[in-house]
1. Would you mind pulling out the separation of the Cα centroids of the stretch A:10-74 and the stretch B:93-121, in Å?
2. Around B:S94, under 12 Å between beta carbons, what's the net of Lys plus Arg minus Asp minus Glu among the other residues?
3. Axis carrying A onto B: which residue of A has the nearest Cβ, and how far, whole Å?
4. Using 0.36 nm times the number of residues separating B:E32 and B:D58, minus their current alpha carbon distance, what extension gain do you get?
5. Name the shape class, rounded, prolate or oblate, that the alpha-carbon gyration tensor gives for the stretch B:1-97, where a ≥ b ≥ c are the square roots of its eigenvalues, rounded holds for a/c under 1.5, and otherwise prolate holds if a/b is larger than b/c and oblate otherwise.
6. Put a label point 7 Å from Cα along the Cβ direction on A:P12, then list its distances to the equivalent points in the other copies in nm, shortest first.
7. With labels modelled as points extended 7 Å from the Cα through the Cβ direction, what inter-label distance (nm, one decimal) is found for B:S124 paired with B:N49?
8. Taking the Cα-to-Cβ direction at B:D110 and at A:D91 and moving 7 Å from each Cα, how far apart do the two end points lie in nm?
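No lab work stands behind these numbers, since they all come straight from the coordinates. Because the structure is a prediction, the values reported are computed rather than measured. As a convention, Cβ positions derive from the backbone with ideal geometry for all residues, glycine included, and neighbour counts pool all protein chains shown.
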There are 2 protein chains.
Amino acid sequence: MILSIDLSSAVPIYQQIRDQVVAAIAVGELVEGSALPSTRQLAGDLGINFHTVNKAYDLLRQEGLLRLNRKSGAVVQRDAHSGPPPPGFADEWSVRLRTLLAEAAAQGVDAEAVLTMCGRVVGSFGARLGGRGGEPRDGELGVEHRGLGEPA
Amino acid sequence: MILSIDLSSAVPIYQQIRDQVVAAIAVGELVEGSALPSTRQLAGDLGINFHTVNKAYDLLRQEGLLRLNRKSGAVVQRDAHSGPPPPGFADEWSVRLRTLLAEAAAQGVDAEAVLTMCGRVVGSFGARLGGRGGEPRDGELGVEHRGLGEPA
DNA sequence: GGTCTGTTCTATAAGTAATAGAGCAGATAA
DNA sequence: TTATCTGCTCTATTACTTATAGAACAGACC
């Protein structure tokens, strides 16, 4: 998994981290049991403060996607195959879905195109099924910078 | 169109207003040419500051959905039938779509269910086609409060 | 003991969200 | 002309968020 952050983005850093971990779980790059690097480690690799990583991990824990403890560090707690979503998730999520799809509709993207894009995205998630990937069981996260990063 | 805001929500008020105008355009409740109430009028009806409404309208103008001028006030500039989306919109939008769909996938919503929900939402937008609604051409916005609103 | 982990506290600087009041320019109607 | 409406701009304040930083604690591991 390659984690990249964009310091010049309007999206907060902690949210960029969260979004990318969520995407990695959706794709199958991270599965239940996968270990993530420690907050200080990842912060050092990304060149940011460890409190920012802490915030991202804490958010992921609140969403039920991460398990944190002193013993084993940060471990993925659930993935697409860990069972049904928590109660109430679908309702809350579909509200946001409606808002996002409405934006495309208002801007003139026709219904067919919208559903085609949805299908393509969802299809890209299932791509890694069956194999469970090449033992992605360790916190080997690549690091990539965009924006204000020095070339080091 | 009924505009309701939730003062206790984590979503900023100006964004709630924006989202609901976008949704109204997607559904067909507002079409190209529809007039919206003035900033001060809507602010008064909602019991909020007119600068907050101003911010929402300004956002909608930046997105190309609203036209603002001293003469005619706030007027919807485009809807689903006003032609193709502006260049670059689809790219930027699909990034957000991927993030949102990934969240559902990671939480265990299966691909089929996700696409079903997408289809249902998109279908609800096309519901008002053909008729163009019952002349929704005036700033007759209902107002509804949730959260900390006094019963007045 | 030393080092790693998550966790918690305080603190600061910069930015955002929402409030408020005042005023200007142009268009409209009494 | 006067009065009122409109969008628009300016300053200002309060509260919250974002990201930084340093310090410390408890538990696990070698």
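1. Cα centres, the stretch A:10-74 to the stretch B:93-121: 21 Å.
2. Net local charge, B:S94 excluded: 0.
3. A:C118, 2
4. 7.6 nm
5. oblate
6. Between copies, matching label points for A:P12 lie 1.3 nm apart.
7. 3.3
8. About 2.4 nm, to one decimal.
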